[in-house]
Amino acid sequence: MTSIVPTRHLFGPGPCNPYPEATSALGLPLLGHLDPEFIARMDRVADGLRVLWGTRNARTLPLSATGSAGMEAAFVNTVTDGDVAVIAVNGLFGERMCEVASRVGAEVVRVDHEYGTPIDAERVAAAHPNPTVIAGVHAETSTGVVSDIAALGAIKGEALLITDAVTSIGGMPVHADDWGIDIGYAGTQKCIGVAPGLAPFTISDRAFERRIEKPSSWYLDLGLLGGYTTGATGGGRTYHHTAPVAMVASLEAGINRILAEGLDAVTERHQAAGKALQDGIQTMGLELFAQEGSRLPQLTTVKVPENVDSAKVRGYLLERFNIEIGGGVGQYANTVWRIGLMGPNANPGSVALILSSLKEAIDKA
């Protein structure tokens, strides 16, 4: 007997429902990771990622791991024992940057911000006179806040700028070259609308020339990944690891879907859906968590009303409507909801479904 599992409506901070094209691509006949057709596909994916990143960096590719490995690759290749890493922390993923940097021996200089507020570039600039790297999160998934990365680029000086764009790439403007981003990493499961498993990554020539010659991680050693940049550099490919060929095919389909719609149109769709959701939530009498003027359209954070059990509301949504929304993190685990409208979920139908279902869940739970 075949069982049918109802489709989950994933409106939390985790994976979105993928674009149909990306799901279908997972079922294509598998190619060898050295097959010329796959190599051509990887080159096309790299070209597409350059568009999403807003960069001309030759070394732009999907790393064969999730966005967290992209974070680790950024630090393991640029800082080592005694190097200074100034890290802006305004949420969970800034915290994780600190953890990763400390594990590779960096002297971590934290610049803490209140959760729910954006990064203050002037405070970051004043934290240390000569850091090796400066790092910050563009779209903080844990708080629903967007920060001005161009402002960090303007104050970086000789430092390399590392940027987390996991929740922004493919859903809002990212201009790595214009903003001064030296190393950027992202994920596929948010606005790109592909299953998790790859880390869209870009590194500038400036950063690549200053990389650690022999970093502590062999797998994430960017010096061994040069073969993926054939299309941009004209060099030959060298074997490093077996690439996840099905995931790369899916990523290509997801990128093509975004580019066919147009980046401006995709941005406008996310902005419209986010604004409609946030307006509707406030009309319900609920309060938003992220600071006004710095709220992400694709990830809305909501303060759980007093005398409302967050877990019961989330459980009701899951059981009654097959809707999954996220809870907060850390001290806000039970006092904040995180509602994601990313990729194909950023549409008016999703907004209406969330608002009506959330109202019922609060009343019933």
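The values are calculated or read from the model by the stated rules, or taken from the named source; none is laboratory data. Only a predicted model underlies this, so the values are computations on that prediction, with no experimental measurement involved. Neighbour counts are summed over all protein chains in view; Cβ atoms, including those assigned to glycine, are modelled from backbone coordinates with ideal geometry.
One line per residue, one yes/no per condition, for (1) within 27 Å of residue 261 (Cα to Cα); (2) of a type in the set (Asp, Glu); (3) surrounded by 24 or more Cβ atoms within 10 Å (Cβ to Cβ):
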{"residue": "182", "(1), (2), (3)": "no, yes, yes"}
{"residue": "192", "(1), (2), (3)": "yes, no, yes"}
{"residue": "203", "(1), (2), (3)": "yes, no, yes"}
{"residue": "214", "(1), (2), (3)": "no, no, no"}
{"residue": "220", "(1), (2), (3)": "no, no, no"}
{"residue": "223", "(1), (2), (3)": "no, no, no"}
- [ ] Hey, can you tell me all the residues within segment 26-68 that are assigned to a loop (DSSP other than H, G, I, E, B) and aliphatic (A, V, I, L, M)?
- [x] 26, 28, 30, 31, 34, 58, 65
- [ ] Quick one: in segment 254-274, of everything that is buried (at least 22 other Cβ atoms within 10 Å of the Cβ) and among the small types (Gly, Ala, Ser), which residue is nearest to the chain's Cα centre (by Cα)?
- [x] 254
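Can you find a residue in segment 144-152 that is closer than 18 Å to residue 299 by Cβ, assigned by TED's automatic domain parsing to the domain that holds residue 251 and in contact with a helix residue (DSSP H, G or I) (Cβ under 8 Å, 6 or more places away or on another chain)? If you could, list the steps in order and put the result at the bottom.
As a first pass, look at segment 144-152 and keep what is closer than 18 Å to residue 299 by Cβ: 144-149.
Now drop any that are not assigned by TED's automatic domain parsing to the domain that holds residue 251, which leaves 144-149.
Retained after the next criterion (residues that are in contact with a helix residue (DSSP H, G or I) (Cβ under 8 Å, 6 or more places away or on another chain)): 148-149.
Within segment 144-152 (the criterion being closer than 18 Å to residue 299 by Cβ, assigned by TED's automatic domain parsing to the domain that holds residue 251 and in contact with a helix residue (DSSP H, G or I) (Cβ under 8 Å, 6 or more places away or on another chain)), the answer is yes, since at least one residue qualifies.
Yes or no: residue 121 in the same structural domain as residue 39 (by TED's automatic domain parsing), touching a residue at least 24 places away in the same chain (Cβ under 8 Å) and touching a helix residue (DSSP H, G or I) at 6+ places or on another chain (Cβ under 7 Å)?
Details: in the same structural domain as residue 39 (by TED's automatic domain parsing): yes; touching a residue at least 24 places away in the same chain (Cβ under 8 Å): yes; touching a helix residue (DSSP H, G or I) at 6+ places or on another chain (Cβ under 7 Å): yes.
So residue 121 fits the description; yes.
Here are some residues: 21, 37. Which one is surrounded by fewer than 24 Cβ atoms within 10 Å (Cβ to Cβ) and without any contact (Cβ under 8 Å) to a residue 24 or more places away in the chain?
Values: 21 fails: without any contact (Cβ under 8 Å) to a residue 24 or more places away in the chain.
None of the others qualify; the one that does is 37.
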- [ ] Name the residue, out of 322, 307, that is outside the structural domain of residue 138 (by TED's automatic domain parsing), touching a His at 6+ places or on another chain (Cβ under 6 Å) and either hydrophobic (A, V, I, L, M, F, W, C) or surrounded by fewer than 15 Cβ atoms within 10 Å (Cβ to Cβ) (or both).
- [x] 322
TODO: Go through segment 275-289 and count every residue that is over 15 Å from residue 305 (Cα atoms) and either within 24 Å of the chain's Cα centre (by Cα) or surrounded by 22 or more Cβ atoms within 10 Å (Cβ to Cβ) (or both).
DONE: 4
